[in-house]
Structures are given as structure tokens and as C-alpha cells.
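Read the structure below first, then the notes.
Each value in this text was obtained by applying a stated rule to the coordinates, not by laboratory testing. Since this is a predicted model, take the numbers as computed values, not measurements. Reconstructed Cβ throughout: ideal geometry from the backbone, glycine too, with neighbour counts over all protein chains shown.
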Amino acid sequence: MNSGTGEPWAPQVTLTIPASARYLVTARLVTADIASGIGMPIDVIEDLRVAVDEALTMLITGLEDAAQSTVTCQFGTTSEMIRVRVESSAPVALTPPSDGGYAWIVLDAVSDEFDVMQLSNATRISFERASVAPVSQVGHRGTGHTRS
């Protein structure tokens with residue numbers, strides 16, 4: 001994933017957990033801690049926790065052998081932005097974002113941009129979020145929704 005400027009980024013924190021709903025709380029806590037560490041507002045932190053949970057849940061529920069698999073969360077930050085990459089340890093067949101679904105709606109609503117990649121040995125969902133939407137941003141992807 002590139003930054004908003006088109007530059008590649010390297011994760012600063014990597015968390016690998018078993019592909020089980022039981023460990024999602026760990027990913028949510030790490031997400032919140034990293035986001036709060038760069039001064040993100042509490043509402044953005046909560047949005048990010050939900051987005052990470054939904055992205056990981058999509059990957060975990062799509063794995064054929066979740067008991068033998070892992071999922072990885074990678075986080076990169078600047079003083080004003082967080083980038084998140086979640087990846088399964090095996091390929092997952094996901095419904096396309098254009099087909100809707102709660103998780104895709106959440107990712108679209110809380111991220112400035114997101115991307116899905118099907119790799120030969122994994123599936124990756126990446127998204128980024130600035131702590132505050134730019135003043136020039138009237139709506140989010142033409143939906144008419146504005147962020148405060």
C-alpha cells in the first residue's frame with residue numbers, strides 16, 4: 001500500500017495472532033493503543049478498532065482451515081495518519097467490495113482509502129486514515145457524508 005502521497009511505507013508494528021475470533025480483542029487493543037499514541041481523537045480510534053475487527057473477521061471466516069492458520073496486522077504511522085494492513089496466512093475468497101456487506105461498508109466509511117489484494121498465498125486488506133479529514137474534503141468518496 002502506498003501512502004496518500006503515493007510513497008511506499010514500511011510497518012512499524014506487526015502483530016500475528018491465531019486465526020480465531022478469540023484473539024480479535026488483542027488486535028483491537030493494539031489498534032487503539034497505536035492510534036491513541038499519535039493523538040487520534042477517541043471517535044477515530046473507535047472507528048479504527050471496528051475496521052480492524054471487521055477486516056480480520058472477513059479473513060478468519062473465509063479461511064478453509066482457520067485452526068491451522070494465522071492472521072497478521074501491520075501498522076504504520078505518521079504524526080497525522082495510521083496505515084493498517086491485515087493479511088491471512090492463506091488465500092481467502094472474499095465477496096468484492098462492490099457487492100456491499102457490512103464489513104465493506106465499515107471500511108469505506110472509516111478509512112480515507114482501502115485496498116484488497118489477492119496474493120498467491122494470502123489475502124491482504126489495507127486501509128489508511130488521517131486523524132482529521134482535510135478541510136477541502138466535502139464528502140467521502142462522493143457519498144455526501146462529511147467527517148468532523
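Quick notes on this one:
- Taking label positions 7 Å along the Cα-Cβ direction at both S79 and V25, the computed distance is 3.6 nm, reported to one decimal.
- Under the simplified labelling scheme, the I38-A109 pair shows an inter-label distance of 2.3 nm, with each label point 7 Å from Cα along Cα→Cβ.
- Debye intensity ratio in log₁₀ form over the Cα atoms of segment 74-138, taken at each q of 0.15 Å⁻¹: -0.54
- From phi via Karplus (6.51, -1.76, 1.60), per-residue ³J(HN,Hα) for segment 87-98 in Hz, x at Gly/Pro: 9, 8, 8, 8, x, 10, 8, 9, 5, x, x, 5
- Unit charges on C-beta of K, R, D, E only; dipole of segment 13-130, Debye: 340 debye
- Rg and Dmax of segment 13-130, based on Cα coordinates, read 13.2, 38 Å.
- Burial ordering of T31, T14, fewest other beta-carbon atoms within 10 Å first: T14, T31
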